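The values are calculated or read from the model by the stated rules, or taken from the named source; none is laboratory data. Just so it is clear, the structure is predicted and the values come from calculations on it, not from any experiment. Note that each Cβ is placed from the backbone with ideal geometry, even for glycine, and that neighbours are counted across all protein chains shown.
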Amino acid sequence: MSSPELVLGFLEDAPPWRLLSPQFPSKVGGKPAWLRQRGLPSFHGLECGVCRLPMAFLLQVYAPISGQDRSFHRTLFLFCCKRPECYASGDGRCMKVFRSQLPRKNEFYPYDPPPEEEPPSDSEPDPGVLPVSGVKLCWVCGCPGNKACSRCHTVTYCGKHHQTLHWKQTHRKECCSPEASIVTSSPFLFPESELVTEPEEEEVDENDTKEAEEDEGVECPSLAEPLADTDLEEMALHETEDRKVFQRFKKKVAPEPHQVVRYSRGGSPLWVSSQHIPSDKDIPPCTCGSKRTFEFQAMPQLLNSLHVDSRGASIDWGTLAIYTCSASCNDDDQYCPEFVWKQDFSPDQQTQIKPASNMLLVPDADACDTSPVNDLDE
């Protein structure tokens, strides 16, 4: 039986129109290019599980399933919190992932593939509303936003927190003026790039096989040995295993050091550490009852393009492994929550890793500028 195909994802600049929903993009940063225009994740569904603040869109992967009509169009959306304090080791509650899919014949997009050339400017969609369903989107994050500024009624938000951010950024000066309807980029968003893929060139390495055989020959310490000696031996074995896993990670990544995503539906993640690797019981089944299997992982190299480092504190991960429903079920035409496993680098590994680039942090709503903002209309 052949192993699942493995493709690598890289970042490239692209014209904005290429990253909109009708083009079915894979991308990092900016606002989500929603696939299905109804049944979007709720405001509470997009909150960080630690601090309960709105999460930012991190990336999306267009991943249709060949031969499955209901998944002719299929996209996975990954969101993350922007507060470094929420990134405790081994805690993945600061991440959420959703799946959306459509058959080829659907109410939102044409049956035929999208054109390769840029559409005329008069046909560009309103960034504040989904064209077919009419669902309004938050001006700051691009997620569902059914609350409007009570003064100008021009812009909508997902909630009070993002209204406050926009008010401090520009809306205080633009409210009730023609500039209020001009599309601007929010500092809350990550830098936007297209995510392009190419197959990994797999090379058979006899040394990897030899190392695996050597690992199998390692004997576990005897229970009859003194406890202190056993603990020391286990620590040594664990340290050796962790080093081997990390060295394998670096070796696999070295031929393509700029990869930010590894995609292999039904395959296995490339772990950065021997610690905090999930067992089958750690991966919850889908709500439909089907088993979840690995689909793709976000690599630590992605952090370098997100501008997430600030004064010694930043969001961080070793790798983010995404597990999805093996049946790719339809959940009453809703965006289906899937599962993300966050594995961190061990402390020893952290010293070997170059820190990410500087991050533009959004100031805390209560930390500065106490100017009042308008109420929100439902």
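Do you know which of the residues in segment 287-299 that are more than 14 Å from the chain's Cα centre (by Cα) and either not assigned by TED's automatic domain parsing to the domain that holds Phe77 or not aromatic (Phe, Trp, Tyr) (or both) is surrounded by the most Cβ atoms within 10 Å (Cβ to Cβ)?
Per the stated criteria, the residue is Arg292.
Would you please name the residue that is surrounded by the most Cβ atoms within 10 Å (Cβ to Cβ), looking only at residues in segment 1-21 that are under 22 Å from Phe190 (Cβ atoms) and of a type outside the set (A, V, I, L, M, F, W, C)?
So the residue we want is Gly9.
Going residue by residue through segment 328-346, is there one that turns out to be outside any loop (DSSP other than H, G, I, E, B), in the same structural domain as Lys96 (by TED's automatic domain parsing), modelled with pLDDT under 95 and exposed (fewer than 14 other Cβ atoms within 10 Å of the Cβ)?
The answer is no; no qualifying residue exists.
Check segment 266-286 and report whether any residue there is surrounded by 14 or more Cβ atoms within 10 Å (Cβ to Cβ), at pLDDT 95 or above, closer than 28 Å to Leu102 by Cβ and touching a Ser or Thr at 6+ places or on another chain (Cβ under 6 Å).
No: zero hits.
Residue by residue through segment 296-327, note down the ones that are within 16 Å of Met95 (Cα to Cα) and assigned to a strand (DSSP E or B).
Across segment 296-327, the qualifying residues are Phe296, Gln297, Ala298, Ser314, Thr319, Leu320, Ala321, Ile322, Tyr323, Thr324.
Which one of these does Met95 not meet: (1) closer than 16 Å to Asp333 by Cα; (2) within 20 Å of the chain's Cα centre (by Cα)?
Met95 satisfies all of (1) closer than 16 Å to Asp333 by Cα; (2) within 20 Å of the chain's Cα centre (by Cα) except (1).
Return yes or no: is Leu76 surrounded by 13 or more Cβ atoms within 10 Å (Cβ to Cβ) and touching a His at 6+ places or on another chain (Cβ under 6 Å)?
Considered against the rule, which asks whether it is surrounded by 13 or more Cβ atoms within 10 Å (Cβ to Cβ) and touching a His at 6+ places or on another chain (Cβ under 6 Å), Leu76 comes out as no.
Any chance segment 154-172 includes a residue that's out of contact with any Cys (no Cβ under 7 Å at 6 or more places or on another chain), within 14 Å of Pro54 (Cα to Cα) and aliphatic (A, V, I, L, M)?
Scanning segment 154-172, I find at least one residue that is out of contact with any Cys (no Cβ under 7 Å at 6 or more places or on another chain), within 14 Å of Pro54 (Cα to Cα) and aliphatic (A, V, I, L, M), so the answer is yes.
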